[in-house]
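Participant: After the structure tokens below, expect a handful of questions from me.
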Amino acid sequence: MSSTPSSDNQRLAQHSAAPVAGHEPGTAGQEPVLSVRHLRVEFPTRHGTLVALDDVSFDIAPGEVLGVVGESGAGKSMTGNAVIRLLEPPGHIAAGEVRLSGKRIDDLPEERFVPLRGRHIGMIFQDPLTSLNPLFSVGDQLIETIRTHLPMNEREAREEALKLLREVGIPAPENRIDSYPHQFSGGMRQRVVIALALAARPEFIIADEPTTALDVSVQAQILALLKRLCADHGTAVMLVTHDMGVIAETADRVAVMYAGRLIEIGPVDEVIRHPQHPYTKGLMASIPGIAKRLERLYQIEGSMPRLAAIPEGCAFNPRCPHAQQRCRDERPDLMPAGGSRAACWLHDPVDPLPPRQDAEGEEVSHVR
């Protein structure tokens, strides 16, 4: 894990004290930078078709950070890879559409999509050491990226590379620009990767677990850097992480995924303070509290289903304490739930399911 329970608690406590936003930040009256509608990703196999993403829809506005969270296998990274079309064959987008600044991009032929990578869509990968070519200096890699996408000569591109290194916090960039990746620390390498993602001034960046390999203090610096760059450049960011502390620290809105489906989305303050889906409640309950010491952490029983064994109806129903027959038969869509939207029949505006109660008449806990 890239953060400690205490750091998670501090971030979550800060959000608990914050006022609830009246609307989803950054979305009112603005055309989204990224719009995903009913996205479905399939992997054909000899034993049938596996559905990795099923009917995923969301928007990201200019300057907004959308956090995408869930357990391993929930479909977080798959969503980012589908948007930038880095799916491993035979995986492919089987349905839905992706629009960047209003223009559809998922149906473009590969030769027309390739120029979008870097110029319009940046990518920050989890491991900066494998994202950088060890045979070239960081300056060479930055200059090549800049000259590929922007009309600059060698001298102008080098000045721009120095500016980027300075902006992301590399000390003495004039001395470090000709250094090789192995000569930088992990945190400095991640800063270089962020500079590469920003080199062509894209309007949208996918950050896939950008702080997982970093210690807590460096993680905080990288998150603060991402937020500042979003504010300064108006860049939209899709932040993929398993860490609710990172979400609380950085995101404006949060999308919770489970088994390739979007099960809750809303302002980060609302989702953290008042989670509406039983799975989201379980995620929040698994974080240790500050007020009292627990002998044992909460946990959600069971595990994420395999792609070949996703249950009918709500995919979470085998692990949900509120599951009833309707949950096993029908899949819920996202519907208004408090200050967010949740895919749960407990929030059906027409015929909501009653929460289950224990023998004493108390509502059953969100964790068993």
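Participant: Would you be able to tell me the number of residues in the stretch 93-118 that are open to solvent by 50 Å² or more (accessible area, probe 1.4 Å) and in contact with a helix residue (DSSP H, G or I) (Cβ under 9 Å, 6 or more places away or on another chain)?
Facilitator: 1
Participant: Quick one: which helices (runs of 4 or more DSSP H) lie wholly within the stretch 36-142 and hold at least 2 residues that are under 23 Å from L283 (Cβ atoms)?
Facilitator: Counting at least 2 such residues, we get 76-83.
Participant: Check the stretch 158-173 and report whether any residue there is more than 25 Å from the chain's Cα centre (by Cα), on the phi > 0 side of the Ramachandran plot, surrounded by fewer than 22 Cβ atoms within 10 Å (Cβ to Cβ) and without any contact (Cβ under 8 Å) to a residue 12 or more places away in the chain.
Facilitator: The answer is yes, given that some residue of the stretch 158-173 is more than 25 Å from the chain's Cα centre (by Cα), on the phi > 0 side of the Ramachandran plot, surrounded by fewer than 22 Cβ atoms within 10 Å (Cβ to Cβ) and without any contact (Cβ under 8 Å) to a residue 12 or more places away in the chain.
Participant: Can you spot a residue in the stretch 247-264 that is within 30 Å of R191 (Cβ to Cβ), touching a Leu at 6+ places or on another chain (Cβ under 6 Å) and of a type in the set (S, T, N, Q)?
Facilitator: yes
Participant: Somewhere in the stretch 69-84, is a residue polar (S, T, N, Q), in contact with a strand residue (DSSP E or B) (Cβ under 8 Å, 6 or more places away or on another chain) and open to solvent by less than 10 Å² (accessible area, probe 1.4 Å)?
Facilitator: yes
Participant: Residues in the stretch 180-207 that are open to solvent by 20 Å² or more (accessible area, probe 1.4 Å), in contact with a helix residue (DSSP H, G or I) (Cβ under 6 Å, 6 or more places away or on another chain) and not in a helix (DSSP H, G or I): how many?
Facilitator: Qualifying residue count for the region: 0.
Participant: Could you tell me whether any residue of the stretch 232-246 is more than 20 Å from the chain's Cα centre (by Cα), open to solvent by 30 Å² or more (accessible area, probe 1.4 Å) and either small (G, A, S) or over 28 Å from I124 (Cβ atoms) (or both)?
Facilitator: No.
Participant: Scan R253, R228 and give me the residue that is surrounded by fewer than 23 Cβ atoms within 10 Å (Cβ to Cβ), closer than 18 Å to P62 by Cα and of a type in the set (K, R).
Facilitator: Only one candidate qualifies: R228.
Participant: Checking G260 against (1) in contact with a Gly (Cβ under 6 Å, 6 or more places away or on another chain); (2) on the phi < 0 side of the Ramachandran plot; (3) surrounded by 14 or more Cβ atoms within 10 Å (Cβ to Cβ), which single condition isn't satisfied?
Facilitator: (2)
Participant: Might you check whether a residue that is aliphatic (A, V, I, L, M) and in a loop (DSSP other than H, G, I, E, B) occurs anywhere in the stretch 269-290?
Facilitator: yes
Participant: Could you please find all residues in the stretch 308-335 being open to solvent by 30 Å² or more (accessible area, probe 1.4 Å) and more than 13 Å from Y258 (Cβ to Cβ)?
Facilitator: Within the stretch 308-335, A308, A309, E312, Q324, Q325, R326, R328, D329, E330, D333 qualify.
Participant: Go through the stretch 195-227 and count every residue that is at pLDDT 90 or above, under 13 Å from the mean Cα position of the chain (by Cα) and not hydrophobic (A, V, I, L, M, F, W, C).
Facilitator: 1
The values are calculated or read from the model by the stated rules, or taken from the named source; none is laboratory data. All values derive from a computational prediction rather than experimental measurement. Virtual Cβ from ideal backbone geometry, glycine too; neighbours counted across all protein chains shown. What goes into the accessible areas is simple: the full protein's heavy atoms, side chains included, and nothing from ligands, DNA or RNA. Shrake-Rupley method; radii C 1.70, N 1.55, O 1.52, S 1.80 Å.
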